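Taking it in order: structure first as structure tokens, then the write-up.
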Amino acid sequence: MSLGVIWHMIPELCLDYPIPPGYPQPIWIDRPYNGRFAEYGERVFTLQASAEQMREDAAALRLLYPELEGAELLKFGGGSYSEMGDGTRTDEAVFRFHDAASVRRLRGDAVLMPALRPHGGSADPLLAWWVLLFTLSIVTRYEPVVWTRLIDVNRSPSAVAIEAALSKALTAVPIQIYTALTSE
């Protein structure tokens, strides 16, 4: 697994400092859905997806986001839509979980985390932070020359992103630990 996969599993990093595209990112889902499926209550949610992801009962989207495996597709299209920077149109997809507890919570919001690999599960954001920080600490400890080059803001294109990651970790990791311990 590459560090890019882990980087894109951390919402605080992938949204502000995306590394080269091609990695799926966490998707915040809107709940509850207030349309014609409102009778299902908290188990119904919406997200934005492309037509390519939704082909064959959202098979491509289910590969990217394992939590969708147990969700029933109720509707795609005909709602709100948007266009991505590359011209791809995303439409509203409405899903229903059979068990409302299967939705992952990230600081109080419902979120779908991307899979670590195809047909694999997703990692908790706390675990993703741990892997990233552990990897950086290994580089720092055992490859000090490489580390010095990586954090040189005058020469390294990664320096600002690494500095931001370490700065954001100071607030994000304690919140993740608190959330994991209190189940909030």
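Here are some conditions: (1) in a helix (DSSP H, G or I); (2) at pLDDT 85 or above. Residue 152 meets all but one. Which one does it not meet?
Only one criterion is unmet by residue 152, namely (1).
Can you confirm whether region 17-29 contains a residue that is more than 29 Å from residue 168 (Cβ to Cβ) and modelled with pLDDT of 80 or more?
no
Name every residue in region 136-149 that is loosely packed, with under 13 Cβ neighbours inside 10 Å and in a helix (DSSP H, G or I), in order of residue number.
Taking region 136-149 first, the residues loosely packed, with under 13 Cβ neighbours inside 10 Å are 137-138, 141-146, 148.
Those that are loosely packed, with under 13 Cβ neighbours inside 10 Å and in a helix (DSSP H, G or I): 137, 138, 141, 142, 144, 145, 146, 148.
Is region 42-50 home to any residue that is modelled with pLDDT of 70 or more, more than 20 Å from residue 23 (Cβ to Cβ) and among the small types (Gly, Ala, Ser)? Full working, then the answer.
We begin by selecting, within region 42-50, every residue modelled with pLDDT of 70 or more; these are 43-50.
From what's left, more than 20 Å from residue 23 (Cβ to Cβ): 43-46.
With the extra rule that they be among the small types (Gly, Ala, Ser), the set shrinks to none.
Within region 42-50 (the criterion being modelled with pLDDT of 70 or more, more than 20 Å from residue 23 (Cβ to Cβ) and among the small types (Gly, Ala, Ser)), the answer is no, since none of the residues qualifies.
Report, by residue number, each residue of region 54-83 that is more than 20 Å from the chain's Cα centre (by Cα) and acidic (Asp, Glu).
Listed by number, the residues that qualify are 56, 57, 72.
The values are calculated or read from the model by the stated rules, or taken from the named source; none is laboratory data. Quick caveat, the model's predicted, so the values are computed rather than measured. Positions of Cβ are backbone-derived with ideal geometry, glycine not excepted, and every protein chain shown enters the neighbour counts.
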